[in-house]
1. Give me a comma-separated list of calculated 3J(HN,Hα) values for region 108-125, in order, Karplus coefficients 6.51, -1.76, 1.60 applied at θ = phi - 60°, integers in Hz, x for any Gly or Pro.
2. Along the charge dipole of region 79-185, which of H152, L115, S94 sits closest to the positive end, that is, farthest toward it, with unit charges on the beta carbon of Lys, Arg, Asp and Glu (+1, +1, -1, -1)?
3. Choose one answer from T65, T48, T56: the residue with the largest mean-square fluctuation in a GNM of the chain with alpha-carbon springs under 10 Å.
4. Going toward the positive end of the dipole of the chain, with +1 on Lys and Arg Cβ and -1 on Asp and Glu Cβ, which of S140, G129, S50 do you reach last?
5. Can you put M59, M13 in order of Cβ neighbours within 10 angstrom, beginning with the fewest?
6. Can you classify region 59-158 as rounded, prolate or oblate using the Cα gyration tensor, where a ≥ b ≥ c are the square roots of its eigenvalues, rounded means a/c under 1.5, and otherwise it's prolate if a/b beats b/c and oblate if not?
7. What size of dipole, in debye to the nearest 20, comes out for the chain about its Cα centre when the only charges are +1 on Lys and Arg C-beta atoms and -1 on Asp and Glu C-beta atoms?
8. Once phi is turned into ³J(HN,Hα) by the Karplus curve 6.51 cos²θ - 1.76 cosθ + 1.60 with θ = phi - 60°, what whole-Hz value does each residue of region 94-99 show in order, with x for glycine and proline?
Amino acid sequence: MIRKWILAPLCGMLVLVAWGILFWGLLAGSLGTFHRLPDDRAVTDVLTRSGTQTGTYFMPWPRRTAAESAAFEDQHKRGPFYRLSYVREGIDPSSPQKLAIGCLHYLSVASLGVLLLWLARPSTRIGGGAVVFVGGLLGSNLITAGDPIWFHLPWDYSGSVLLYESVAWLLLGATLSAIWPKPTFDPLGKAVPIGQ
């Protein structure tokens with residue numbers, strides 16, 4: 001049983017890494033997930049010259065006073081408005097450190113999926129996969145589907161991310177439920193995983 005606690009998250013991590021490489025490396029471009037600014041170098045020069053520091057910015061912002069709130073609402077109605085995530089410092093997108101941190105992140109996601117299986121104790125492997133899939137969709141629905149509603153992110157971006165996340169949850173659920181012990185039922189009717 002202890003081996004399953006180690007093996008299932010590791011296999012889940014590998015599946016998420018493989019899907020991430022496939023989606024972000026090959027599919028995201030053809031899906032139109034990101035767009036290029038018409039004059040991206042000029043925009044970058046303005047940000048650099050203005051001394052903008054690494055951070056996430058929203059325009060218009062802030063809205064601490066009545067006047068700022070009125071300007072905030074007016075700018076939204078007239079447009080344009082935007083959210084900008086900006087990294088001033090250079091970062092190696094292929095660095096071993098980034099890959100290691102990404103793997104640890106996926107390992108933590110897969111470990112939470114195993115914990116979900118352990119808590120839910122589904123009676124079938126299909127049920128186990130469904131528990132992880134629906135649990136993941138819960139987070140994606142709240143956060144990713146919420147972005148176009150609350151922050152007005154374009155649906156072409158959020159739709160692509162929802163596709164990525166939905167397939168990731170499906171693959172993770174299938175992987176974890178295939179490795180996690182199939183539950184049996186004790187005479188009292190409680191679900192108990194094999195090996196306990």
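No value in this document is a laboratory result; all are computed from the given coordinates. All of these numbers come straight from a predicted model, not from anything done at the bench. For neighbour counting, all protein chains shown are included, and Cβ atoms are generated from backbone atoms with ideal geometry for every residue, glycine included.
1. In residue order, the calculated couplings are 5, 5, 5, 5, 5, x, 5, 4, 4, 4, 5, 6, 7, 6, x, 7, 9, 5 Hz.
2. L115
3. T65
4. Positive-most Cα among the choices belongs to G129.
5. Numbers: M59 11, M13 22.
Ranked by crowding around the Cβ, least crowded first: M59, M13.
6. Working: a/c = 3.22, a/b = 1.68, b/c = 1.92.
Judged from the Cα gyration tensor, region 59-158 comes out oblate (a/c at least 1.5, b/c at or above a/b).
7. Numbers: 16 positive and 12 negative charges, 114 e Å.
It comes to approximately 540 debye.
8. Using θ = phi - 60°, the values come out as 10, 5, x, 5, 5, 4 Hz.
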